[in-house]
Structures are given as C-alpha cells and as structure tokens.
Amino acid sequence: MAYKKDWTMLSSKITDINKLTDNIWFLLYYVLLSLVVSFLLAIIIFVKGYPLLLEYINKVRISRGVAPLSSQSTVWNQMFLNNEGQIVEYNKGDGSASLIGCLVNVPRAHEPDKSIVLEAVDHWTNVMEYYDVPIDNTFIDTITGTVIKVYNSNYAEEAQQLYNERVDSGSIS
C-alpha cells in the first residue's frame, strides 16, 4: 500500500508560517535565534574546523613535497602578533645605527605604515653590549630593506638579570 502525501497539511503549515510573520515577537525571536546560532557555529568552525582543515591541507602539501602553510596569514603576524614581549633589534638595512628595545606595539600586517614602539631602548642596548644573546628569528622586509632581529626571550631575560646585578653591585656604572 503506497503512502499518499496530504498536500493540504503542507498548505496549512505554510499559511501558519505566513501568520507568524505578522507577529513582530516571532520575527524578533527568529532573528535573534538565527544570530546566536550563526555566531556559535562560526566559533566552532574557527576553533575546531580551521585547524583541522589546515592540518589536512598541510599533510597533502607535505606529501607533494610543498612547504606547509602557516596558521598565520602573513609573516609579520607570525613574527610579531603573538602577545608576548619581544626584545628586538631594529635596523633600516642601510648601515645606520640599530635600535634595541622591548617591542611593545606593532601594527596589523595590512596597515600601510609599519610603525613600532620600542621600550627601554637605552637599557636593552646596554644589556646587549655586555652579553651575547642569541637571535631566534630575523624579519627582513624585502621592499624597504628593514631588518628586525628577534632575540631569544629566555636568554635576554637572563642577560638582563645579570646586567642588573652588575649595575647594583657597582661593577657597571
């Protein structure tokens, strides 16, 4: 025995929906519910979906002998937007004097002007004169020739403690 759909039931459901759209509270509830569900779905995709997709893409790229993609969109973001203080040496690349300091503020990658804020330039310059701190990474802007060397944070903090002890004891003025 074949089941026959009752199209009049569907028609009554559509008219019920039409009646509900006349109610402002239903529309408000529908819009707010849609916003909340969309927001939660976007968070889930961003937190779980993107890393899984990137991992899968990188497996394919590595199997083809191609370098894997970074989780960041630009080299600038990868180097400087990691929310931790970094001791850097800034140089224009033209042989002019370098500035060494704690990187406090950096612009987003797509801003046209790359202005940075260095803190305690004199202090960190003195520390680096007395101690040889290894450099973890070097950022080179191929267009402007700007070179930013990022010192190893652990060794820089250790050098700073040793420097401060020597200043406190009077062996360095």
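Values quoted throughout were computed directly from the atomic coordinates according to the rules given, and no laboratory measurement underlies them. Bear in mind that the values here come from a model prediction, so they are computed numbers and not experimental data. Neighbour counts run over all protein chains shown; Cβ positions are idealised from the backbone, glycine included.
In table form, for the structure just shown:
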quantity: Efficiency of FRET between residue 36 and residue 123 - r from beta-carbon atoms, R0 41 angstrom, step 0.05; calculated: 0.25
quantity: Range in the chain, longest, excluding exposed chymotrypsin sites (Phe, Trp or Tyr not before Pro) [loop by DSSP; at most 16 other beta-carbon atoms within 10 Å]; calculated: 4-130
quantity: Cα-based convex hull volume of region 28-173 per residue, rounded to whole Å³; calculated: 195
quantity: Two-site label geometry, residue 26 and residue 147: point separation in nm, points 7 Å out along Cα→Cβ; calculated: 7.0
quantity: Mean separation of Cα contacts under 8 Å (6+ apart) over length of region 42-143, as relative contact order %; calculated: 16
quantity: Vicinal HN-Hα couplings computed from phi for region 43-48 (Karplus, 6.51 cos²θ - 1.76 cosθ + 1.60; Hz; Gly/Pro x); calculated: 5, 4, 5, 5, 7, 9
quantity: All Cα pairs of region 95-173, percent lying beyond 19 Å; calculated: 44
quantity: Leading residue at positive end of dipole, the chain (Cβ point charges), from 134, 42, 31; calculated: 31
quantity: Estimated 222 nm signal from helices in the chain, with DSSP H stretches of n ≥ 4 weighted -39500 (n - 2.57), rounded to 500; calculated: -15000 deg cm²/dmol
quantity: Label-to-label distance, nm, for residues given as residue 53 and residue 135 (7 Å Cα→Cβ offset); calculated: 3.7
quantity: q = 0.26 Å⁻¹, region 62-103: log10 I(q)/I(0) [Debye, one scatterer per Cα]; calculated: -0.93
quantity: Residue 16-residue 71 FRET efficiency (beta carbon distance; Förster radius 45 Å; 0.05 resolution); calculated: 0.40
quantity: The chain: relative contact order in percent, alpha carbon pairs under 8 Å with at least 6 residues between; calculated: 14
